[in-house]
Amino acid sequence: MKRLVIGVFLVVLAANASAQRRSGTGRQTPDPAAGEALAGLTAAQRADFADGLGDFTEVEKVTDGLGPVFNESSCAACHSVPATGGGSNRMVTRFATRVNGLFDALASLGGSLVQDHAIGPQIGVAHNFRPEVVPAAATITVRRRPTPLFGLGLVDAVPDAEFRALAATQRFHAPSVAGKVAVVTDLATGKPAVGKFGWKNANPTLLQFSADAYLNEMGITTPLFPNENCPQADCSMMAQYNARPDLNDADGADVLAFTNFMMFLAPPPRGQRTLVEKRGELAFASIGCAVCHVPTLVTGPNAVQALHRKVFHPYSDFLLHDMGSLGDGIAQGDAGPFEMRTAPLWGVSANATLLHDGRVTTLADAIFAHDGQGRAARVRFSRLDRFSRDALLAFLNTL
């Protein structure tokens, strides 16, 4: 482990030095504020960002295809803190059970995601659609916070091979905490791809991430997700009472607009760092946090110049890790019940609640909640002297 800690320390220093060489050290302009567009976009790309923002904040109606069950009627309702595109304290509920030790999402009862709103009765429709509830058969019930969307265009622009290489490096240098690549189907191509988005890395691209949310959070069907969510999986009334039985976003234009907004959304701005915060970052690396919360990634070739070979600092490897008791017990995509994507730490200082279920409100408590593959780093954090621990927390508060 000592060799690992020293190795990670050197990797962090090298990555930061590389970032400075490639991005320049005395920046002429400040970072974009939370919710603003990436620097360096063309006029046409800024227009696409603005159009996407309009669709992202638009309140959908039943005539648009909303429902019949849903969680919110706009994207911004779940992504508004500290600015549009962020997270929120709004929770969604998932449920499941285990049968003979095997995970069962209870899909036949509407699982695993609860849609807690419904369109109710509609004019001229003799049916009252009701929100879903957790069924009595569920033995697992968990809550999840919406994930912030800042900077995800940069993540989307990192080649799949880079995440595979990162996982291979971890297996070689730190097998006890090595992450797993989530392999999921890219619905646009029908081929396997690396999952990067959502708490369980269920989606490989921003396009699919957008379409998934449009269906599962708002009930709006698209070419990628053409089948309605039936309330509690009971589709018996849908043929007769569904207000919009057609393909709601038939040409995928809304999904593309959401994707453009996220693609061009800037990362959260960094706070100023004094010598104390810089020492805190070294402590962060020295206890092994940076093995999973990788400070620096680089995008690949991209037709969008603002995304082309850019160095950025998400503090995540975007891999799945077994988090033991910190896992949520839900299997999803390629992720097992206790596997979670490493949460990016950029923007963490803006969150009022932390971890996937918002169970804590302080960074120290979030670290102390780490389990499974994160347990060793938690123990080393607890053994830091007070100054080093305070410096590490001060560093996190600059993210």
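What the table shows:
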read-out	value
Ranking of Met323, Met218, Met237 by count of other Cβ atoms within 10 Å, fewest first	Met237, Met323, Met218
Order of Lys61, Lys191 under a 10 Å beta carbon neighbour criterion, fewest first	Lys191, Lys61
Cα-centre dipole for the chain with unit charges at Cβ (Lys and Arg positive, Asp and Glu negative), debye to 20	2100 debye
Amide H within-cut-off set for Phe197, under 5 Å, with H built and near neighbours excluded	Ala202, Asn203
Table column - 3J(HN,Hα) (Hz), the stretch 48-65, Karplus curve with 6.51, -1.76, 1.60, x for Gly and Pro	4, 4, 5, 5, x, 4, x, 5, 5, 8, 5, 8, 6, 10, 4, 5, 7, x
Order of Glu58, Glu281 - criterion: other Cβ atoms within 10 Å of each residue's Cβ, fewest first	Glu58, Glu281
FRET E, pair Leu102, Val59, Förster distance 45 Å, beta-carbon r, rounded to 0.05	0.65
Where no second cysteine Cβ lies under 4.7 Å, the cysteines concerned in the chain	Cys75, Cys78, Cys289, Cys292
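Values quoted throughout were computed directly from the atomic coordinates according to the rules given, and no laboratory measurement underlies them. This is a predicted model, so every value here is computed, not measured. Positions of Cβ are backbone-derived with ideal geometry, glycine not excepted, and every protein chain shown enters the neighbour counts.
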